[in-house]
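The values are calculated or read from the model by the stated rules, or taken from the named source; none is laboratory data. Model, not experiment: these values are computed from the prediction. Here the Cβ positions follow ideal geometry from the backbone for every residue, glycine too, while neighbour counts run over all protein chains shown.
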Amino acid sequence: MTLSELKITAKAYKTILRWAQSQREIGFICAGRKNIVTHVYRIKNIDSESRIAFIPHAGQERAIRSAVKTNGMSVLSAGHSHPNQKDTPMPSRADCEFIRQGFLEIIIAPSKNEVRCWRMNKSRSKTLKQEVPIKIVGRTKDKNER
Ligand SMILES: [Zn+2]
């Protein structure tokens with residue numbers, strides 16, 4: 001699945017911005033139906049003191065992914081904050097090594113309240129960073145939701 005833009009509800013967007021206000025690097029998973037992020041799940045950082053790295057708690061991540069599936073949703077993106085980043089939030093060199101290829105990763109620079117989404121593709125030895133526009137959508141109520 002290749003998304004040309006990442007749609008996210010205003011509520012979910014506000015939530016990740018709030019989480020990113022932490023001094024520590026935080027991470028999360030974005031899920032939803034029909035390519036719209038409606039649910040965000042914070043993942044515990046194993047390196048809880050870190051301002052420069054996010055190492056997801058593997059067991060918790062597995063549990064979130066399975067809950068997303070059980071609820072009929074798909075994981076649409078992951079994301080993390082860069083508390084020290086003063087310019088445009090973009091993947092660090094380490095991120096390029098570890099982020100799953102082709103998957104969308106949101107990066108937040110809390111100092112600027114800036115949120116960007118990236119897709120990484122490895123071609124031979126090079127990692128290509130492609131920015132994917134984020135579109136904030138209004139309150140979209142799923143027909144199946146009460
Ligand atoms: Zn990073």
Scan (1) under 26 Å from L128 (Cβ atoms); (2) more than 16 Å from the ligand (Cβ to nearest atom); (3) among the small types (G, A, S) for the single condition G59 breaks and write down its number. (1)
Long-range neighbours under 6 Å by Cβ, at least six apart or interchain, first residue within 14 Å of T127 (Cβ to Cβ) within the range 81-108, second more than 13 Å from the ligand (Cβ to nearest atom) and basic (K, R): Q101/K122
Positions within the range 93-109 being surrounded by 16 or more Cβ atoms within 10 Å (Cβ to Cβ) and either modelled with pLDDT of 90 or more or part of a loop (DSSP other than H, G, I, E, B) (or both), in sequence order: I99, L104, E105, I106, I107, I108, A109
Pick from the range 7-17 the residues that are in contact with a Lys or Arg (Cβ under 8 Å, 6 or more places away or on another chain) and assigned to a helix (DSSP H, G or I): which of them is nearest to C117 (Cα to Cα)? A10
Search result, residues across the range 44-87 that are β-branched (V, I, T) and over 18 Å from W118 (Cβ atoms): I46, I55, I64, V68, T70
Residues (more than 16 Å from the ligand (Cβ to nearest atom) and either at pLDDT below 90 or within 20 Å of F98 (Cβ to Cβ) (or both)) located in the range 21-34: K34
Restricting the range 66-119 to residues that are within 14 Å of the ligand (Cβ to nearest atom) and of a type in the set (V, I, T), the residue that is nearest to V40 (Cα to Cα): I106
